[in-house]
Amino acid sequence: MNVDDWREVIVWFLLALPAIIGAVAGILGLRRAKANGQHAVQTAEDMRVVREQVENTHTSNLRDDIDVLRDEVRALTKLVTRVDDKASRIGDELRTENKLRRDADARTNGKVDAAIEWATDVIAKHHPEDSR
């Protein structure tokens, strides 16, 4: 093979180009296959770890367990609401009772003050020596 001209170099290069591309593609394919194999091993390991976290020995499904908990929370919420309503009514009753007691105390104190004043006047009128 005797190359006399630059055009022949181009022709030979073009003839060899598919073989060069094939060789490069093969090398890249081998690298990718090796990487994919390593990736497949890593993926299998990741799946094993995930499976260990997901699989369990429970006899019921997680969703069923969550549904039961939801129902229990709802029942507790209703109970707390009823207790809160009762506590509110008790508070209202105590406030009313305290107001009535204060009003009665004020009336009683007014009557006691009037009785003391009356007694003081009677003592002063009938026993002036005892009223000083």
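The values are calculated or read from the model by the stated rules, or taken from the named source; none is laboratory data. Since the model is a prediction, treat every value here as computed from it, not as a measurement. We place every Cβ from the backbone using ideal geometry, glycine too, and count neighbours over all the protein chains shown.
Quick check on my filter: what residues within the range 55-103 are β-branched (Val, Ile, Thr) and part of a helix (DSSP H, G or I)?
Listed by number, the residues that qualify are Ile66, Val68, Val73, Thr77, Val80, Thr81, Val83, Ile90, Thr96.
Across the range 1-37, which residue is modelled with the lowest pLDDT among those that are surrounded by 10 or more Cβ atoms within 10 Å (Cβ to Cβ) and among the charged types (D, E, K, R)? Ranking the qualifying residues of the range 1-37, first place goes to Lys34.
For first residues located in the range 76-99 and free of Cβ contacts under 8 Å to residues at least 40 places away in the same chain, partners that are assigned to a helix (DSSP H, G or I) and β-branched (Val, Ile, Thr) and lie 6+ apart or on another chain with Cβ distances below 7 Å do not occur.
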